[in-house]
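Quick notes on the structure that follows.
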Amino acid sequence: MKDKLLEFFRIFPWADDPESEEGKKYYNFTIKNMDKLLKHPWFEDILKKKEIKILEICGGAGFGSIALSKLLLEKDLEIDLIITDLRKEVLKRAKKFGEKALKRDIMAKVMDAKEVHKLRKKFDIALMYGLSTPHFSPWDIIKVFSSVNRILEDDGIFIIDEVDRRYKTFLMSGYKWVLGEGKGDKFVISFHTGYDILKGTFKRTFFNPTLSKKPLTIEFYFWGLSEMGALIFLFFKDVDFLHINNTRYFILGYKPRRILKPEEFKEPFLFRKNIL
């Protein structure tokens, strides 16, 4: 899975270079989103702390946590930031970008989102910014949530940047069996090539004739806001949606329940028996 993600982000049109014009626009867009986020009432107590500890999961180039940290520093608060991702190369970019923008050291660590509890450190804010949830099936996302649950403070907040894909993809535009996206070197064509009934994931095969000679098949789960919010509610005492634009929202989980532990989520018999 790690190798496939590395290849996917190499060929797919996604803003992951903070120095590019597209990256600068995305960062400015993110600053506005984070400014709106900090006005939510659940941040009142956190903003009273002298130092705020932030963890970004699936952080990529760190747009989300760096924008959030910059706004906190402008409020004369200190920050302690760790950005995690599976991709070592993009984390190097995040560290360089973050230290330049924030003028202080930050940590960038290669880590699976399902294992952030192994950091053995408590955070005030955990953030998943950049529409990363389609890479997780329901079976995987609950492992992410239980792991995040373990590392947040009692008044901690978990923030997911999300789009209602059921509404946007299936109702508004319709699911595309063949789709072209991007431009230039980052133009890709993707085809629907399967559906995994056990995981609920759609398989799409991507072709980028400029950057790769081989097709790449990736699985995606098309989350809606409702079930994502309901799952978060299992792990947090309260949940809220904050509108960003169009069908894009922040989903906030407030105060971890700490009922379900990461170690309890072993592979279910459904997958162990290895039959359909």
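Just so you know, all these numbers are worked out from the coordinates, no wet-lab data involved. All values derive from a computational prediction rather than experimental measurement. Cβ atoms come from the backbone with ideal geometry, glycine included; neighbour counts cover every protein chain shown.
Non-local amide H neighbours of Ile79 (under 5 Å, H modeled in plane, Pro and chain starts lacking H): which ones?
Here Ile52 satisfy the definition.
Mind putting together the pair-distance distribution for region 112-255? All Cα pairs, 5 Å bins, whole percent per bin, short to long.
Pair shares across the bins are 2, 9, 16, 19, 17, 14, 11, 8, 3, 0.
In region 118-212, which chymotrypsin sites (Phe, Trp or Tyr not before Pro) fall in coil by DSSP and have 13 or fewer other Cβ atoms within 10 Å?
Tyr175, Trp177
Is there a pair in Lys114/Lys186; Lys2/Lys214; Lys2/Lys32; Lys48/Lys255; Lys48/Lys96; Lys32/Lys70 whose C-alpha atoms are over 20 Å apart, and which pairs would that be?
With Cα atoms farther than 20 Å apart: Lys114/Lys186; Lys2/Lys32; Lys48/Lys96.
Going through region 11-119, which trypsin sites (Lys or Arg not before Pro) have at most 11 other Cβ atoms within 10 Å and a DSSP loop state?
Of the trypsin sites (Lys or Arg not before Pro), the ones in loops of region 11-119 whose Cβ has at most 11 other Cβ atoms within 10 Å are Lys39, Lys50, Lys75, Lys103.
Which trypsin sites (Lys or Arg not before Pro) in region 197-244 sit in a loop by DSSP (not H, G, I, E or B) and have at most 11 other Cβ atoms within 10 Å of their own Cβ? Intermediate results must be reported in sequence, preceding the final value.
Working: sites: Lys199, Lys203, Arg204, Lys213, Lys237; in loops: Lys199, Lys213.
Passing sites in region 197-244 are Lys213.
Of the DSSP beta bridges with both residues in the chain, give the percent that are antiparallel, rounding to the nearest 5.
Among the beta bridges of the chain, antiparallel pairing accounts for roughly 65 percent.
For q = 0.14 Å⁻¹, what log10 I(q)/I(0) does region 168-219 give under the Debye formula with an equal point scatterer on each alpha carbon and no solvent?
Listed by q, the Debye log ratios stand at -0.41.
In whole Å, what is the distance between the alpha-carbon centres of region 1-43 and region 152-226?
If you average the Cα positions of each part, the centres end up 16 Å apart.
Based on C-alpha coordinates, I'd like the Rg and Dmax of region 199-276, in Å.
Here Rg and the maximum Cα pair distance are 18.0, 49 Å.
Taking all pairs of distinct Cα atoms, average 1/r, flip it, and tell me the Kirkwood hydrodynamic radius of region 1-71 in Å to one decimal place.
13.9
Work out the length of the dipole vector of region 81-167 about its Cα centre, built from +1 on the beta-carbon of each Lys and Arg and -1 on the beta-carbon of each Asp and Glu, and round it to the nearest 20 debye.
Rounded to the nearest 20 debye, it is 540 debye.
Positive end of the charge dipole of the chain (Lys, Arg +1 and Asp, Glu -1 on Cβ, about the Cα centre): tell me which of Gly229, Leu38, Phe12 has its Cα farthest that way.
Checking the options against the dipole of the chain, the answer is Phe12.
Within the set Lys53/Lys95; Lys39/Lys237; Lys109/Lys203; Lys50/Lys122, which residue pairs have Cα atoms separated by over 23 Å?
On the way: Lys53/Lys95 16 Å; Lys39/Lys237 20 Å; Lys109/Lys203 29 Å; Lys50/Lys122 15 Å.
Too far apart for the 23 Å limit: Lys109/Lys203.
Separation of region 48-93 and region 232-276 by C-alpha centroid, Å?
After rounding, the separation between the Cα centres reads 22 Å.
Near Lys100, which aspartates and glutamates are there with a Cα under 12 Å away, not counting those fewer than 8 places off in the same chain?
Counting by Cα, and skipping residues close in sequence, Lys100 has these aspartates and glutamates nearby: Glu19.
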